[in-house]
Each structure stands twice: as C-alpha cells, then as structure tokens.
Amino acid sequence: MPDRIFIKDLKEYIGQEVTIAGWVDVRRDQGKMVFFDFRDMSGKVQGVVLPASTRRQGEAGPKSGAMEVAQKIRTEWVLGVQGKVNKRPEKNINKDQLNGDIELEILDIKVLNEAETPPFDISSDGLEIGEEHRLKYRYVDLRRPRLAKNIKSRHKVIKFIRDFLDQEGFFEIETPILTKSTPEGARDYVVPSRLEKGKFYALPQSPQQYKQLLMVAGFEKYFQIARCMRDEDTRGDRQPEFTQLDMEMSFVEREDVMDVNEKLLIEIVKKLYPDKKIQEIPFPKFSYKEAMEKYGTERPDLRVNKDDPDELAFCWILDFPFFEKTAEGGFTFTHNPFSMPKEEHIEDLLNEKNIGEILTSQYDIVLNGFEIGGGSIRAHRADLLKKVFETIGHKERDIERDFGHMLRALSSGAPPHGGIAWGLDRLIMILQNEPNIREVIAFPKTGEGRDLMMDSPSIIPEKHLKELGLEIKKKD
Ligand code: ASP
C-alpha cells in the first residue's frame with residue numbers, strides 16, 4: 001500500500017486524507033451510515049461511511065459506490081481504506097481508548113481480501129472457548145488482543161535479553177538441531193537418516209554438550225535462545241518443544257553465574273514490567289535441605305500475598321544431592337550428569353564413596369512456586385565426568401561411544417565453566433499472568449503433543465518410508 005499510515009499514528013494527521021490497511025474488527029450498519037472498527041498491528045480506529053448526501057461544499061465526500069461496498073463488508077475482511085482523519089465531537093470522545101478522540105471519515109474502500117465468518121469470537125480473552133478449537137484456527141486466535149499482546153511482549157523480553165547479554169560481552173551462537181542424544185533425563189525425539197539407513201539423529205533436549213564445547217573452544221561467554229525437544233508425556237505447562245535462554249560462562253564460580261542471571265531478571269522486571277514488584281532483592285537462597293524442611297518442596301512459592309498478580313517472589317535453591325537411587329537399586333543423576341560435585345565431595349565421587357551424600361554445584365531459580373531455570377558448574381575434568389557416568393552404571397564401552405567426544409574435549413584444555421538455562425515460556429507465562437505456557441507460544445501443541453492446525457504428527461507416504469529404510473509395524 002503506497003503511503004500507508006499505521007493506525008496508531010493517525011492522530012498526527014488530523015484534517016488530512018490518509019490511507020490505512022488492515023482488518024475489519026467490528027462493523028455496525030446503521031442504515032444511512034456504516035461504522036467500522038479497523039485494526040492493524042498497531043491498534044484500532046473507528047471509521048464511518050457517511051451517506052454521499054452529507055458531502056460538504058467543496059469536499060470530496062465518499063467515492064460513489066463506497067456505501068455499497070461498505071454494506072457488503074463483513075468482519076475480518078482485509079481492506080485498504082482511504083479517509084479523512086477528523087476530530088470527534090466532544091460528546092463522542094472516549095479518553096480511555098487509542099484513537100478515542102478521532103474518527104476516520106471513509107472516502108474509498110478497496111477490498112484486499114474477503115474472509116469467511118471467523119470460527120469464534122476474537123474480541124474476548126478467549127478462555128471461554130474450547131482450547132482445541134482455538135488451536136485449530138490459531139492464526140485467527142492470535143488476532144485476539146490478549147494473545148497478540150503476549151506474543152509481542154515475548155518479543156520484547158527476548159530482545160531485552162539479547163541486548164543485555166550483548167552488553168555483558170556474551171556471544172549468541174547457534175548449535176545444531178540434528179544431533180546426538182544428550183541425556184537430560186527425558187526421551188529423545190529422533191530423525192531417521194536417509195543416507196545412513198538404520199541410523200538416527202536425535203533432536204536436542206538442550207544444547208548442553210555444545211555449549212560446553214564452545215567453552216572448550218574459547219568463547220568464554222555464550223548464550224542462545226534455544227529450542228529444546230523432549231519426548232515426555234506432555235502435561236500441565238509442558239510442551240514437546242520449548243524455548244530456553246541457554247547460557248554458559250568460563251572461569252566462573254557458581255555465584256558469578258547466579259549474579260548475572262539475577263541482575264538480568266531484575267532488569268527485565270524493572271524495565272518491561274514496571275507494575276510488578278519483586279518481593280526480595282537480593283533473591284533469597286536456600287539449600288535443598290532447608291527448602292524441603294521449611295516448605296516441603298524444592299519449588300517454594302514465597303509470595304506473601306498469593307492473590308496479587310503483580311507480586312514476584314524469586315529464590316535460589318542450592319546444594320542438591322547429585323545422585324538419587326533408582327528403582328533397580330543403582331543410582332541416577334538428579335539434574336545434570338555434566339555437573340561438578342561440590343568441592344568437598346569430589347574425593348567421594350572419585351572413590352565412589354557415600355554416593356547418596358554427594359552434593360552437586362547445581363542451582364535452580366524459582367519464581368512464585370515454578371522452577372524457571374537451573375544450571376551448574378560443570379565437571380571440566382575428564383576423569384570426573386567419566387566417574388559420574390560410571391556411578392550411574394554406564395559401561396566403559398558405552399561411555400566411549402556416547403560421550404567420547406566430551407571426554408576428549410575436556411582433555412584438550414577445557415577451562416572451568418558453568419552455566420544455566422531458563423524455561424523462557426514459563427517465565428513469560430508468569431510475567432504475562434497467564435495460566436499456562438500455551439498462551440505465550442505462537443503455535444503450541446495440545447496436551448497430547450498434537451499440532452491441530454497442521455494436523456501433525458501425520459503419516460508419511462510409503463515412498464518416503466522406503467527411502468528412509470523404515471517399515472511401520474501394523475497394529476494388530
Ligand atoms: N541443560 C540444562 C537443562 O536443560 C541446563 C543447564 O544446566 O545449563 O536443564
């Protein structure tokens with residue numbers, strides 16, 4: 001649209017003729033006059049087609065046919081509209097609304113596209129509509145002001161994070177999506193290889209190994225807005241794929257990582273959510289043991305007033321046990337196998353003594369009862385990492401096959417390092433006062449991991465299966 005003006009800027013054009021483009025939000029046909037609310041990404045404005053007879057002396061007035069077009073237009077049609085920006089008479093001014101004091105006197109309408117009747121109302125917050133229905137027509141659902149705001153606020157948070165970390169000297173580096181299994185305690189999503197039939201890539205559960213390898217490579221400060229895929233039974237606020245702010249730093253101790261993260265979280269709230277109040281700064285810290293004794297959970301909700309949506313109570317939880325017993329009587333890691341044990345427990349790990357008592361350098365960050373992130377100082381010595389895998393029952397041969405590259409990297413001049421990852425969807429959910437993460441993800445999946453809009457997962461043609469060397473076992 002040549003010379004198109006964004007709706008939010010219309011008030012700068014009072015008395016002038018302008019062109020806007022967007023959607024019909026509301027249409028009110030009053031017979032002689034037709035009123036519209038037009039919407040573009042920047043806001044809404046009221047427009048009116050006056051009868052041609054109201055044309056004032058010497059003024060253009062609506063183009064002939066404008067009224068006929070206006071009468072057949074329906075909501076969600078896409079239009080280019082030419083009109084004159086008028087001040088509203090005093091009695092019609094709505095002070096609480098963007099453009100509440102102006103109105104577009106429509107002179108010409110160009111229909112850019114018609115639209116079928118929307119599958120549901122988009123003027124409400126949408127929570128009264130069945131979620132599956134909303135997800136099937138997500139592109140319409142996202143027009144809803146609440147959702148559009150969530151997605152735009154998400155952009156602002158991510159942009160703020162990028163700028164902040166850039167200022168702090170971090171590099172944003174992408175890591176592969178087609179990779180090899182990284183044990184984060186969940187099942188991997190796998191992708192069959194066509195060129196090496198019978199072999200599979202794994203989608204990353206997190207960029208854990210790559211970010212550590214970037215530390216070995218000497219980048220020292222890394223971050224990424226990273227997509228992570230975990231094939232878990234999706235429930236509550238989990239998604240098969242979700243977004244992390246992933247971070248890693250070299251030559252740091254636990255407190256260094258915690259400090260930069262605490263500073264960033266405080267800044268996000270202060271700059272982007274000034275109405276919200278952080279209950280306690282610096283964030284309180286509890287050992288896992290203290291938290292369990294005091295609150296009976298490792299994710300305590302410390303808010304004094306839990307009814308206040310603007311109250312934010314952060315805390316750190318430290319000193320988790322490194323290992324826990326499995327049902328089979330062995331041990332498994334509680335958080336991250338790549339973590340460093342606490343200094344005073346390194347000997348015990350190396351001697352495989354008091355395994356259940358060994359504490360890890362892991363730190364979790366909790367907000368209003370949700371774990372929004374976690375990280376650790378890493379075992380940067382190959383012997384320590386190898387010992388962790390032995391402790392959790394991996395055989396020598398398997399360790400070499402699965403983690404040989406990590407052991408070799410740690411033996412090639414690996415600096416001490418540590419990092420963290422935030423569950424970004426969850427953080428934004430809390431900041432936006434939303435009940436679940438699907439409300440802050442543009443295209444989320446259902447609780448059963450389905451994309452209802454794309455109808456995925458879906459079957460693939462026999463020919464593709466053949467190419468991949470795969471055969472589907474028919475259900476009996
Ligand atoms: N990779 C870990 C996770 O996804 C986070 C970390 O330790 O940096 O939970």
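The values are calculated or read from the model by the stated rules, or taken from the named source; none is laboratory data. The structure presented is a predicted model; accordingly, all values stated were derived computationally and were not measured. Every residue, glycine as well, gets a Cβ built from its backbone with ideal geometry; the counts of neighbours run over all protein chains shown. Areas reflect the complete protein model, heavy atoms only, side chains present, ligands, DNA and RNA absent. Shrake-Rupley method; radii C 1.70, N 1.55, O 1.52, S 1.80 Å.
Here are the numbers for the structure shown:
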{"item": "Sole exception among (1) within 16 Å of the ligand (Cβ to nearest atom); (2) under 18 Å from W422 (Cα atoms); (3) open to solvent by 30 Å² or more (accessible area, probe 1.4 Å) for S361, by number", "result": "(3)"}
{"item": "Odd one out for R162 among (1) of a type outside the set (A, V, I, L, M); (2) more than 15 Å from the ligand (Cβ to nearest atom); (3) open to solvent by 50 Å² or more (accessible area, probe 1.4 Å); (4) on the phi > 0 side of the Ramachandran plot", "result": "(4)"}
{"item": "Strands (runs of 3 or more DSSP E) contained in the stretch 288-404 and holding at least 1 residues under 31 Å from the mean Cα position of the chain (by Cα) and of a type in the set (G, A, S)", "result": "370-377"}
{"item": "Scope the stretch 364-400; condition among the basic types (K, R) and more than 16 Å from the ligand (Cβ to nearest atom); matching residues", "result": "R381, K386, K387, K395, R397"}
{"item": "Hits in the stretch 416-459 - residues which are within 16 Å of the ligand (Cβ to nearest atom) and over 14 Å from the mean Cα position of the chain (by Cα)", "result": "P416, H417, G418, G419, I420"}
{"item": "Only listed residue being open to solvent by 60 Å² or more (accessible area, probe 1.4 Å) and aromatic (F, W, Y), chosen from W23, W77", "result": "W23"}
{"item": "Residue in the stretch 136-152 that is at pLDDT 95 or above, polar (S, T, N, Q) and more than 22 Å from G449 (Cβ to Cβ) present", "result": "no"}
{"item": "A226 more than 18 Å from the chain's Cα centre (by Cα), among the aliphatic types (A, V, I, L, M) and modelled with pLDDT of 95 or more", "result": "no"}
{"item": "The stretch 234-281: number of residues that are under 16 Å from V157 (Cβ atoms), among the β-branched types (V, I, T) and within 14 Å of the ligand (Cβ to nearest atom)", "result": "1"}
{"item": "In the stretch 165-205, residue farthest from the ligand (Cβ to nearest atom) [restricted to those that are acidic (D, E) and under 21 Å from the mean Cα position of the chain (by Cα)]", "result": "D166"}
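Matching residues to (1) open to solvent by 50 Å² or more (accessible area, probe 1.4 Å); (2) assigned to a loop (DSSP other than H, G, I, E, B); (3) at positive phi:
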residue: N94; (1), (2), (3): yes, yes, no
residue: I109; (1), (2), (3): no, no, no
residue: P118; (1), (2), (3): no, yes, no
residue: D125; (1), (2), (3): yes, yes, no
residue: E128; (1), (2), (3): yes, yes, no
residue: V140; (1), (2), (3): no, no, no
